[in-house]
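Any read-out appearing in this document is the output of simple, stated calculations on the displayed coordinates, not a laboratory observation. Bear in mind the structure is a predicted one, so any value in this text is a computation, not a measurement. Quick reminder, even Gly has a Cβ in these numbers, built from the backbone with ideal geometry, and neighbours come from all protein chains shown.
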């Protein structure tokens with residue numbers, strides 16, 4: 001099982017939504033110990049804006065992407 005937890009509270013770990021999400025993910029992992037959890041905190045590390053270069057990277061086949069394009073796609 002893969003779990004993506006996206007936090008967006010400006011209060012970080014003190015935010016009610018973050019605490020609730022942490023509790024929920026904890027319960028899921030307790031039931032599925034092999035689960036892989038990825039946490040993205042958009043308040044602490046905002047996602048970059050999707051611009052023309054990012055769209056171009058997404059529409060370029062993986063084997064033809066430049067290193068910069070590959071890095072942009074890795075963020076999505």
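In terms of the Cα gyration tensor, with a ≥ b ≥ c the square roots of its eigenvalues, is segment 1-45 rounded because a/c is under 1.5, prolate because a/b exceeds b/c, or oblate? Since a/c reaches 1.5 but b/c is at least a/b, the shape of segment 1-45 is classed as oblate. Our summary gives segment 1-45 a relative contact order of 62 percent, counting only alpha carbon pairs under 8 angstrom and 6 or more residues apart.
Dividing the mean sequence gap of close Cα pairs (under 8 Å, 6+ apart) by how many residues the chain holds gives a relative contact order of 33 percent. The Cα trace of the chain gives Rg and Dmax of 16.0, 43 Å, the first to one decimal, the second as a whole number.
Taking neighbour Cβ counts within 10 Å as the exposure measure, how do 41, 68 sort from fewest upward? Could the numbers behind the result be given before it?
Numbers: 41 15, 68 10.
In increasing order of surrounding Cβ atoms, one gets 68, 41.
Legend: ranking of residues 73, 38 from fewest to most surrounding C-beta atoms inside 10 Å; resulting order 38, 73. Residues 18, 60 in ascending order of nearby Cβ atoms (within 10 Å, fewest first): 60, 18.
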